[in-house]
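Engineer: Handing you this structure, nothing more for now.
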Amino acid sequence: MSLRRAISFALIFVAFALLNLLGRVYHQWLLAGAAVIVVFALREVVDRALVAKSQGPGKRGKAEEAVVVYLKGPPSPEEREAESLEGIEADLQRVLAEKQLGEYDGNQVGEGGATLFMYGPSADRLFAGVEPTLRTHALCRNALVRIRPGPPGTPYREVRL
């Protein structure tokens, strides 16, 4: 269990204990309600502080830069047999976590192929970190990668794997 989750559960327990004690024992329901509100506000403050601490300096807020990988149409039987989209996703998530480059935000699968979405503070560093992993997978052969160094609407560059 993460520290964040443990603290959250502990503060929720404290809120219910205060509600029970002040309400049932002392019949001070208004005071009990106020105490619960204060505890939940404290829980939110602690949670935000822990999130900010875990993100480190310079990583606060939503990551704006993106790397989007467009995989070609349906895989051939050989490619399908050799690997799966889930395997690529697992490898990307592992690399992104190990190198602290950003986050993998999922995929979109359609008749024309699949699209993989990754976001982080630097699209160039993000792509440099995941490119070797992408090149090891047969499904990524000839994939189109868009590297967007800014918020949505920023001009992007394309790389063919």
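Engineer: Arrange ILE37, ILE7 by Cβ neighbour counts within 10 Å, fewest through most, would you?
Structural biologist: ILE37, ILE7
Engineer: Measure off 7 Å from each Cα along the Cα-to-Cβ vector at VAL46 and PHE9, then give the distance between these two points in nanometres to one decimal.
Structural biologist: Simple spin-label model gives 1.3 nm for this pair.
Engineer: Once you have a ≥ b ≥ c as the square roots of the Cα gyration tensor eigenvalues for region 91-161, tell me rounded if a/c is under 1.5, and otherwise prolate or oblate according to whether a/b is larger than b/c.
Structural biologist: rounded
Computed from the coordinates by the stated procedures, all read-outs in this text should not be read as laboratory data. These numbers come from a predicted model, not from an experiment. Every residue, glycine as well, gets a Cβ built from its backbone with ideal geometry; the counts of neighbours run over all protein chains shown.
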